[in-house]
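Peer 1: Below you'll find the structure I mean.
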Amino acid sequence: MPVLRTLILFLFSFQLVRAQALVWTPVQPGVWKAVVGKPEAYNLLTAAGAKPSTSALAKLGPTPFPLPQPAITARLVDGKTYLRFPLNRTEQLYGFGLNFQTVHQRGRILNLHVDHYGGSDNGRTHAPTPFYVSSDGYGVFINSARYLTVYAGTAARKDSPDPPKSRDRNTDKAWTSRPYSDAVEILVPAAGVEIYVFGGPKPLDVVRRYNLFNGGGCLPPRWGLGFVQRVQKLYNAEQVEAEAAQFEQQGFPLDVVGLEPGWQSKSYPCTFEWDKTRFPDPAGFVGNLLRKGIRTNLWINPYVAPSASIFKSIQPYTASHTVWTGQVPDLSLPQAQTILFGQLAKDGVNLGVSGYKIDEVDGYDSWLWPDVATFPSGHAAEQMRQTYGLLVQRYSTDLYRSRNSRTFGLVRASNAGGTSFPYVIYNDYYKHQDFITALINSSFAGVLWTPEVRSSETSEEWLRRIQTVVFSPMAMINAWDSGTKPWSFADVSKPVQDMALLRMQMMPYWYSEFARYHFDGTPPFRAMNLEEGFTSEVKNELVTTSLEKNPYAEAVRKEIKDQYMAGEFLLVAPLFAGQTRRTVTLPKGNWYDFYTGELVGNGQQITASPGLNRIPVYVKDGGIIPMMPSRLHAPKAGETVPVEVRYYGNKPGVYQLYDDDGETFAYENGQYSFRAIRVTRQANGSIQGTISAPVPGKPNTVGAVTFTQMTK
């Protein structure tokens, strides 16, 4: 009997733990897919409806499979999937979603879970994208809408081919409570999953392939790259129009006014209908602003109030649990999509509203639907939590696509598959330094992030925040509660105005960089670790904490997480309140001051002290920054504007200036052009610049072109 019992237990355990041989199938150039077990039909890519940009991926061309295939393993264990990917001793890992405090992810344990960011990089964040990038030039994406647990080089197996060395804590100062691990291990709580591997050869190539596999980055309308002011939550029509008039009188640019919850008759939960006491003529109000060159953006969350006109019709297509007593539409169902987004069309898009701020689709657990909730589609509450941000972006974008009008909005949650959606993530967390780290990490997550400005304790902090937001995807002040305006701190009103106007001057550059994001997958704002010639030496600092207080204290890792690349040529190094100087690490090659054109260094650390009115911004050698005259509103569709080409350094410079009508989706049908700008330095030190001719039959909004030599 003991032998029989042992045999039965062995056979039973064999059924519970099954290793699976992985077959890697190329699905796009440099992209491979493997299937483990029986993947769930509902996943991140199906929720987003993401479709690869095949022509752009083809231009990247093939590359060899970047990992030793036998070292990638998968096991099915008790209805769950265990994945293991190899690591070598020198590689660093980036990604695993929108992290706020760390760039280097090796040695971390994360539970990837859509949530409002709570102050710790533990995987619970607004975009917990299950994608990571290695410094060795490959990436891995797990296409699951479940909460994934990631051990990013933290778990050491006893049968490891490269195990950690055993040390004696009593005598060996190199002993650590976190031994070296040679693998990334991921637990997927499902009996199967799709895995994708992305080749390089460089980390930036990996990111580009990932973005293009998800449809390419979004291309906002030109006005979306202007200045945004979100007004106080209970403003009425007269107050909004008066504030817009103030912007013009004060000489501050304004392209978008954001209305907060008070535009609705009720919110928390929402009716999605105008409050007729505050906005008696919504169509007239929106039209008046449009005639002044100002768009309207409306705040919503998707939870339907009992008093909403759509309440009864949508109720059969909602979840078992409510949020703030509001019904939660199952937006994976066409019926719920038709009702909710039909209402947004009726009281928003059809009136000329240009976009939405979609709030509270992330967390917290205390008020969002619980994981025990049920949805009429049959999708698990967990899966809906992971994809709800994707769903609201997808179907609201479709509203604008149906009108052939681009939008650019805000959302609180996203995930893999959402790269092409014209939305920027924001949150209620407000630490300035962490905002910059999030902006860096957004480039590994396939999302956009804004370090929005809300309020400040001092005028110095106000200016420092404004300086940062100007060099970000969305230049926005969110005064929903504080009522702040760009000129709220009188002593820095002029430098704030200068920065806001600089944002407008740089619109040709920003617009071209977003075109690169769309057509070739390069993030417009990205980590230094993706820049050629950048070396990030990670050093450990000795712990000063008493071991009596923390017997397992470790050396603290040092990493560069407060400077980033903005577009092809710019390096931005923000200053924070209380700082008068900072260290900047320059990649190899000559770098020049953005404001003066002077050489600042090559491949070394420098100390920058630019004063209060500026933050350090540097341009790589041969850099070309196309600019236009400062103005209060973005150019209208098809409007011609002059372009000033600023050239830095000594190397021959080449830049592709993008052009289309600025507002419609005609670019998807070929109605766009890239015009080559070339600048060379002559023997006598002067420069010679050219721009290629307009393409016949394509939009041409480029007027007179002049060339400015910034480096004398």
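The values are calculated or read from the model by the stated rules, or taken from the named source; none is laboratory data. The structure presented is a predicted model; accordingly, all values stated were derived computationally and were not measured. A quick note on method: Cβ atoms are made from the backbone with ideal geometry, for glycine too, and the neighbour counts reach across all protein chains shown.
Peer 1: Got a sec? Which of ASP359, ASP371 is modelled with pLDDT of 95 or more, surrounded by fewer than 16 Cβ atoms within 10 Å (Cβ to Cβ) and closer than 24 Å to TYR117 by Cβ?
Peer 2: ASP371
Peer 1: Counting just the residues of region 305-333 that are within 27 Å of ALA479 (Cβ to Cβ) and in a strand (DSSP E or B), which one comes out farthest from the chain's Cα centre (by Cα)?
Peer 2: The residue in question is GLY326.
Peer 1: Among the residues of region 495-508, is there at least one that is touching a Lys or Arg at 6+ places or on another chain (Cβ under 8 Å), of a type in the set (Gly, Ala, Ser) and not in a loop (DSSP other than H, G, I, E, B)?
Peer 2: So far as region 495-508 goes, no, none of its residues is touching a Lys or Arg at 6+ places or on another chain (Cβ under 8 Å), of a type in the set (Gly, Ala, Ser) and not in a loop (DSSP other than H, G, I, E, B).
Peer 1: Looking at region 227-250, can you tell me whether even one residue there is of a type in the set (Phe, Trp, Tyr), assigned to a helix (DSSP H, G or I) and in contact with an Asp or Glu (Cβ under 9 Å, 6 or more places away or on another chain)?
Peer 2: no
Peer 1: Could you list all residues from region 76-132 that are at pLDDT 95 or above and basic (Lys, Arg)?
Peer 2: Once the filter is applied, which keeps residues that are at pLDDT 95 or above and basic (Lys, Arg), region 76-132 yields LYS80, ARG84, ARG106, ARG108, ARG124.
Peer 1: Does THR81 fit the bill of being surrounded by 21 or more Cβ atoms within 10 Å (Cβ to Cβ), outside the structural domain of PRO370 (by TED's automatic domain parsing) and either assigned to a strand (DSSP E or B) or without any contact (Cβ under 8 Å) to a residue 60 or more places away in the chain (or both)?
Peer 2: yes
Yes or no, residue by residue, for (1) aromatic (Phe, Trp, Tyr); (2) under 26 Å from GLY389 (Cβ atoms):
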residue: GLN92; (1), (2): no, no
residue: GLY107; (1), (2): no, no
residue: TYR117; (1), (2): yes, yes
residue: ARG146; (1), (2): no, yes
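Peer 1: Just one of the numbered conditions (1) surrounded by 18 or more Cβ atoms within 10 Å (Cβ to Cβ); (2) under 30 Å from ASN415 (Cβ atoms); (3) in contact with a Phe, Trp or Tyr (Cβ under 8 Å, 6 or more places away or on another chain) is not true of ALA479; which one?
Peer 2: (3)
Peer 1: Kindly provide the set of residues from region 653-707 that are among the β-branched types (Val, Ile, Thr) and not in a loop (DSSP other than H, G, I, E, B), ordered by number.
Peer 2: VAL654, ILE677, VAL679, THR680, ILE687, THR690, ILE691, VAL702, VAL705, THR706
Peer 1: Taking region 289-309 only, how many residues are surrounded by fewer than 22 Cβ atoms within 10 Å (Cβ to Cβ) and without any contact (Cβ under 8 Å) to a residue 40 or more places away in the chain?
Peer 2: 3
Peer 1: Show the residue pairs that are 6+ apart or on different chains and have beta-carbon atoms under 8 Å apart, the first residue being within region 647-658 and without any contact (Cβ under 8 Å) to a residue 60 or more places away in the chain and on the phi > 0 side of the Ramachandran plot, the second being surrounded by fewer than 17 Cβ atoms within 10 Å (Cβ to Cβ) and among the aliphatic types (A, V, I, L, M).
Peer 2: The qualifying pairs do not exist here.
Peer 1: May I ask you to list the residues in region 94-139 that are part of a loop (DSSP other than H, G, I, E, B) and hydrophobic (A, V, I, L, M, F, W, C)?
Peer 2: Scanning region 94-139 gives PHE96, LEU98, PHE100, VAL103, ALA127.
Peer 1: Look through region 53-78, keep the residues that are polar (S, T, N, Q) and in contact (Cβ under 8 Å) with a residue 60 or more places away in the chain, and return whichever of them is farthest from GLY137 (Cα to Cα).
Peer 2: By that ranking, first place goes to SER53.
Peer 1: Scan region 162-196 residue by residue and report those that are surrounded by fewer than 22 Cβ atoms within 10 Å (Cβ to Cβ), of a type outside the set (D, E, K, R) and assigned to a strand (DSSP E or B).
Peer 2: LEU187, GLY192, listed by residue number.
Peer 1: Also, quick follow-up: For region 575-635, list the strands (runs of 3 or more DSSP E) that sit wholly inside it and hold at least 2 residues that are of a type outside the set (A, V, I, L, M), surrounded by 20 or more Cβ atoms within 10 Å (Cβ to Cβ) and modelled with pLDDT of 95 or more; which are they?
Peer 2: Of the strands (runs of 3 or more DSSP E) lying wholly inside region 575-635, those with at least 2 residues that are of a type outside the set (A, V, I, L, M), surrounded by 20 or more Cβ atoms within 10 Å (Cβ to Cβ) and modelled with pLDDT of 95 or more span 590-593, 617-620.
Peer 1: Let me ask something else. Looking only at region 156-170, decide whether some residue is in contact with a Phe, Trp or Tyr (Cβ under 8 Å, 6 or more places away or on another chain), among the aliphatic types (A, V, I, L, M) and over 21 Å from GLY137 (Cβ atoms).
Peer 2: yes
Peer 1: Also, quick follow-up: Find the residue count for region 220-240, including only residues that are over 12 Å from TRP480 (Cβ atoms) and surrounded by fewer than 24 Cβ atoms within 10 Å (Cβ to Cβ).
Peer 2: So the answer is 4.
Peer 1: Find the residue count for region 482-494, including only residues that are buried (at least 18 other Cβ atoms within 10 Å of the Cβ), polar (S, T, N, Q) and not in a helix (DSSP H, G or I).
Peer 2: Result for region 482-494: 1.
Peer 1: I've got another one for you. For region 456-473, name all the residues that are part of a loop (DSSP other than H, G, I, E, B) and closer than 23 Å to ILE625 by Cα.
Peer 2: Correct list: PHE471, SER472, PRO473.
Peer 1: Continuing with this model, one more query. Return the residues of region 427-450 that are surrounded by 24 or more Cβ atoms within 10 Å (Cβ to Cβ) and not in a helix (DSSP H, G or I); say none if nothing qualifies.
Peer 2: GLY446, VAL447, LEU448, TRP449, THR450
Peer 1: Among the residues of region 637-652, which ones are outside any loop (DSSP other than H, G, I, E, B) and either at pLDDT below 95 or not hydrophobic (A, V, I, L, M, F, W, C) (or both)?
Peer 2: PRO642, GLU644, ARG646, TYR647
Peer 1: Same structure again: Taking only region 252-286 into account, find how many residues are more than 13 Å from TYR356 (Cβ to Cβ), in a loop (DSSP other than H, G, I, E, B) and in contact (Cβ under 8 Å) with a residue 40 or more places away in the chain.
Peer 2: 14
Peer 1: Does any residue of region 199-213 turn out to be part of a strand (DSSP E or B) and modelled with pLDDT of 95 or more?
Peer 2: yes
Peer 1: Now a separate question. Would you pick out the residues in region 388-425 that are free of Cβ contacts under 8 Å to residues at least 60 places away in the same chain and surrounded by fewer than 24 Cβ atoms within 10 Å (Cβ to Cβ)?
Peer 2: Within region 388-425, THR397, ASP398, LEU399, TYR400, SER402, ARG403 meet the criteria.
Peer 1: Where residues in region 672-712 are of a type in the set (Gly, Ala, Ser) and surrounded by 14 or more Cβ atoms within 10 Å (Cβ to Cβ), which of them is nearest to PHE514 (Cα to Cα)?
Peer 2: That would be SER673.
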